[in-house]
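J.: Pasting a structure below so you can have a look.
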Ligand code: SGN
Ligand code: CA
């Protein structure tokens, strides 16, 4: 990574002097709810057909009573890098956590430790995924899922050690959070609680109460479900299609044969093996008929691919239902305890996700569905109900936002900006007009090549590098599905040239020197490969 200032360099302003007790009480509480892999297409506040069929009324309530960010993006569409970015306010190349499997330096500066030192009570429940445990990250209270976390009876890690806790992950994380708010918190000091769910991450196991919720619903198949990736070699080389790359047992919960409850290929059998016999029996009782019907139909080829899309949507959206329940419980608790007025509630995901667009699940690409991430925020009195924020925002903005609302100075090393500046719906004149993105994890799961790029309000320019060297250019106004790479279109050359200059400027501004420079020519080998497409 480029050598640059880290967020743990000294703040540009002197630390805020300790607040008077009365002011202390007025400092807002922060409830930062994040799910894992929740596509904005599956949040009904964003509109769209999926949200209509599978609404999220509680997440929508945050938007209705506060703001919805309709141009919310990540900086690197992957769990660990996103979380490190949210904690530090920096792009991946500066905090150094560019890909999953790296270890976040828990000693590095993060906003949670900072507001804790300034008098907030801080707590984290759920997925961490930056290290084995958050030990040393300066979060005062924590109880986390092991690594990615399991849906049923997950291993839970606390400062005292690890244990298996019986229950459904989304509900357990909510219980831990409400127990802490109710019983352990000091009511005289402000708090920041991070409620970070495992759902709806792979392997998409719904709670028993939601298993049949969408079994009878037909979801609209994206028009580019059977994408052939013409002119997009990196898209063609991925391994993340629903029809070829999902594990039939593990992800889609398909069974071997009619009358059998034995799962088809299940790469990590522990997710089901750890269920209690009662949980497994309840699961089978609800899924058997659907699985039997699938086996009886003997589907193949295109029909099977379409069936898999429907099964994926039913299971994924049913895990979202539990997340929405959780948000409702938290909002109700705040209201019942008179805390809703002085509490900022944020709901987001660590990145977006594909719901069958281009045939895919997972994320990583700079294409819209995984570049975008849902973001809604409520703060009564400070954010007007029904605010729609059009300004482009990124997950580098969360850390400065929390510091800013807590009355703390924002450090120079933070690369984002406080969202307080845009939550009235009007962005200041010098707010960013475009966003920068950089994905690194290759080789890796799903085989998405490293790439970086710029997105303006209308255009997108991406450079894939490594063993596939390729530029891509999209006009989102005429091609919102990003099906036509117009990088070689003569009519596009003036705008492509302008975007390359802009991309170079963004890389300089954010001090990213990872990957080839914008002006580096494509290599002969890679060019040959591209021409052979
Ligand atoms: C696991 C998943 C992948 C997923 C990564 C990263 N496979 O490896 O499909 O892309 O996590 O996800 S799984 O079968 O083991 O679930 S992330 O959200 O943590 O970035
Ligand atoms: Ca994720």
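What follows draws every value from the coordinates through simple rules; no lab data is involved. As the structure is a prediction and not an experimental result, all values here were calculated from the model. When we count neighbours, we look across all protein chains shown, and the Cβ atoms used for this are built from the backbone with ideal geometry, even at glycine.
J.: Express in nm, to one decimal, how much length is gained between residue 262 and residue 158 on full extension, taking 0.36 nm for each residue of separation and deducting their alpha carbon distance.
T.: The span from residue 262 to residue 158 would gain 34.0 nm if fully extended.
J.: Sticking with this structure for a sec: Going by a ≥ b ≥ c, the root eigenvalues of the Cα gyration tensor, does the range 83-197 fall in the rounded group (a/c under 1.5), the prolate group (a/b larger than b/c) or the oblate group?
T.: oblate
J.: Would the range 134-187 count as rounded, prolate or oblate if I go by the C-alpha gyration tensor, calling it rounded below 1.5 in a/c and otherwise prolate when a/b exceeds b/c, oblate otherwise?
T.: The shape class here is oblate.
J.: Provide the gained length on full extension for the span residue 388 to residue 230, in nm with one decimal, where the gain is 0.36 nm per separating residue minus the Cα-Cα distance.
T.: 53.3 nm
J.: Remind me, relative contact order of the chain in percent, using alpha carbon pairs under 8 angstrom and six or more residues apart?
T.: After rounding, I find 24 percent.
J.: Could I ask something else about it? What order do you get for 432-444, 301-313, 327-339 when each peptide is scored by the mean count of other beta carbon atoms within 10 Å, highest first?
T.: Ranking, from highest mean packing down: 432-444, 301-313, 327-339.
J.: I've got another one for you. Calculate, for residue 140 and residue 478, the FRET efficiency according to 1/(1 + (r/R0)^6) with r their C-beta to C-beta distance and R0 51 Å; round to the nearest 0.05.
T.: Working from the Cβ atoms, E equals 0.50.
J.: Further, regarding this structure: Just need log10 I(q)/I(0) for the range 178-314 at q = 0.12 Å⁻¹, Debye formula, equal scatterers on the alpha-carbon atoms, no solvent, rounded to two decimals.
T.: Normalising to I(0) and taking log10 leaves -0.62.
J.: Would you mind putting 509-521, 42-54 in packing order, based on average other-beta-carbon counts within 10 Å, highest first?
T.: 42-54, 509-521
J.: On alpha-carbon atoms, Rg over Rh for the chain using Kirkwood Rh?
T.: 0.96
J.: Can you check what the Kirkwood hydrodynamic radius comes to for the range 390-533, Cα pairs only, in Å to one decimal?
T.: 17.1
J.: Between rounded, prolate and oblate, where does the range 81-148 land on the alpha carbon gyration tensor, with a ≥ b ≥ c its root eigenvalues, rounded for a/c under 1.5, else prolate if a/b exceeds b/c?
T.: oblate
J.: Averaging sequence separations of C-alpha pairs under 8 Å and six or more residues apart, then dividing by the length of the range 197-343, give the relative contact order as a whole percent.
T.: Here the relative contact order equals 39 percent.
J.: When all C-alpha to C-alpha distances in the range 298-430 are sorted into bins of 5 Å, what percent of pairs does each bin hold, rounded to whole numbers?
T.: Bins of 5 Å from zero give 2, 8, 13, 16, 17, 14, 11, 8, 4, 3, 2, 1, 0 percent of pairs.
J.: Starting from the Cα-Cα distance between residue 489 and residue 458, subtract it from 0.36 nm times their residue separation and give me the gain in nm to one decimal.
T.: Full extension of this stretch gives 9.5 nm more.
J.: Moving on. Take the Cβ-Cβ distance between residue 107 and residue 297 as r, set R0 to 41 Å, and report the resulting FRET efficiency rounded to the nearest 0.05.
T.: After rounding, the FRET efficiency stands at 0.15.
J.: Expressed as a rounded percentage, what relative contact order does the range 181-264 have, with Cα pairs under 8 Å and six or more residues apart?
T.: 19
J.: Calculate the spin-label point distance for residue 508 paired with residue 424, positioning each point 7 Å from the Cα along the beta-carbon direction, and give it in nanometres.
T.: Simple spin-label model gives 3.4 nm for this pair.
J.: Per-residue ellipticity at 222 nm for the chain, helices alone: DSSP H runs ≥ 4 residues times -39500 (n - 2.57), over residue total, nearest 500 deg cm²/dmol?
T.: Helix-only estimate at 222 nm: -8500 deg cm²/dmol.
J.: Let me ask something additional. Go from 0 up to the bin containing the longest alpha carbon distance in the range 222-299, width 5 Å each, and give me the % of pairs per bin.
T.: 3, 14, 19, 19, 14, 11, 9, 6, 3, 1, 0
J.: For residue 278, put the label point 7 Å out on the Cα→Cβ axis and report which residues of the range 169-204 keep their amide N under 19 Å from it.
T.: Flagged as within label range: 169-173, 175.
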